[in-house]
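Every number here is computed from the coordinates shown, using simple stated rules; none is lab data. These numbers were taken from a predicted model, which means no experiment stands behind them. Virtual Cβ from ideal backbone geometry, glycine too; neighbours counted across all protein chains shown.
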Amino acid sequence: MIDSNSFREACGKWCTGVAVITCTNPVGKNFGLTMSAVTPLSLDPPLFLICLDKDSETLKAIKSSSHFCINILSELQQSISNHFASKGKNKFDSINWSNSQNGCPKLDDCLLNIECKKKSISLGGDHHIVIGEPTSLHFEPSHDLRPLAYYRSSYCSIAKSKL
C-alpha cells in the first residue's frame, strides 16, 4: 500500500487550479478555505465536485447550509489564497467580497465565481466529497487573466503559449 506522504508527493507532480470555497452557516457566520480539490463532474446535469478534510470548519458549515460558492482565483490573487489557507482569524474582514444570490460570500475580482446548491455529501477516506449543482456563474468574458495554479507545493502561472 502507498503511504500518505508518497501519495501527497505524487499528487504534487501535476498542476491544479486554486479556489476558495465559501459558505455561510444558518446563523450567518461566513466560512472559507483555499483548496485545489475542485473539478467539474458532469455537464448534464452540470455538477461540481469538491473534497474537504473531514475536520474542516468550512465542511461543517456546508453540511448545515444549502449552498456554497467556488471562487476560482486568478494569477493576481496569490495573497487571497494564502489568506484563506490560514486558520483562526476572521477571514472576511480584510478582503473585498459581496453576498451571492444564495447568500454565500462571493470574492471580488476572481477569474470565476460559481454559486452551487449542495446536492450530496459522502465520505471518501479522510475527506468528504461534496457535490454541488451550479445555480449561477459570474465572470468577465473580456478579462485576459489566467488562473492561479499550484505545482510542486508552489504557486505558478500558466503561460499563454501554444504547444
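Filter the trypsin sites (Lys or Arg not before Pro) in region 97-163 to those in DSSP coil with at most 14 other Cβ atoms within 10 Å of their Cβ, and list the result.
On the way: sites: K106, K117, K118, K119, R152, K160, K162; in loops: R152, K160, K162.
Loop-located and lightly packed - R152, K160, K162.
For region 35-44, just list the computed ³J(HN,Hα) in residue order, Karplus coefficients 6.51, -1.76 and 1.60, θ = phi - 60°, integers in Hz, with x standing in for Gly and Pro.
In residue order, the calculated couplings are 7, 10, 7, 10, 8, x, 9, 8, 8, 9 Hz.
Pull up all non-local amide H partners of K119: gap of 5 or more, or a different chain, and H-to-H distance under 5 Å with H placed in the peptide plane.
I131, G132, E133
In Å, what is the Rg of the alpha-carbon atoms in region 103-142, and how long is Dmax?
Taking only Cα atoms of region 103-142, I get Rg and Dmax of 13.0, 40 Å.
If the only charges are +1 at each Lys and Arg Cβ and -1 at each Asp and Glu Cβ, what is the size of the charge dipole of region 1-120 around the Cα centre, to the nearest 20 debye? Display every interim value, and only then the final one.
On the way: 13 positive and 11 negative charges, 82 e Å.
For this selection, approximately 400 debye.
For region 57-66, in order, what is each residue's ³J(HN,Hα) by Karplus, 6.51 cos²θ - 1.76 cosθ + 1.60 with θ = phi - 60°, in whole Hz (x at glycine and Pro)?
Ordered by residue, 3J(HN,Hα) equals 5, 5, 4, 4, 5, 5, 4, 9, 10, 9 Hz.
Can you work out ³J(HN,Hα) from phi for every residue in region 76-93, in order, using Karplus 6.51 cos²θ - 1.76 cosθ + 1.60 and θ = phi - 60°, giving whole Hz and x for Gly and Pro?
Listing the rounded values in order: 8, 10, 4, 5, 5, 4, 4, 4, 7, 7, 7, 10, x, 9, 6, 6, 9, 5 Hz.
With all pairs of different alpha carbon atoms counted, what Kirkwood hydrodynamic radius in Å does region 4-156 show?
Values: mean 1/r = 0.0637 Å⁻¹.
For region 4-156, the Kirkwood estimate is 15.7 Å.
Go through the cysteines of the chain and tell me which have no other cysteine Cβ under 4.7 Å away.
Taking the Cβ cut-off of 4.7 Å, the unpaired cysteines of the chain are C11, C15, C23, C51, C110, C116, C156.
Please list, in chain and number order, the residues 5+ apart from W97 or on another chain whose amide H is under 5 Å from its amide H, with Hs placed from the backbone.
Correct list: D108.
Can you give me the Cα centroid spacing of region 108-127 and region 50-96 in angstrom?
So the separation of the two Cα centres works out to 10 Å.
Name the residues whose placed amide hydrogens come within less than 5 Å of the amide hydrogen of L112, ignoring near sequence neighbours (fewer than 5 apart) on the same chain.
Answer set, sorted by chain and number: I72.
Rounded to the nearest 500, what is the chain's calculated 222 nm mean residue ellipticity when only DSSP H runs of at least 4 contribute -39500 (n - 2.57) each, over all residues?
Values: 3 runs with 23 residues, N = 163.
Value at 222 nm, helices only: -3500 deg cm²/dmol.
If region 15-101 were replaced by its equivalent ellipsoid, with semi-axes equal to the square roots of 5 times the Cα gyration tensor eigenvalues, what would those be, largest first, whole Å? Display every interim value, and only then the final one.
On the way: eigenvalues 75, 60, 33 Å².
Equivalent ellipsoid semi-axes, largest first: 19, 17, 13 Å.
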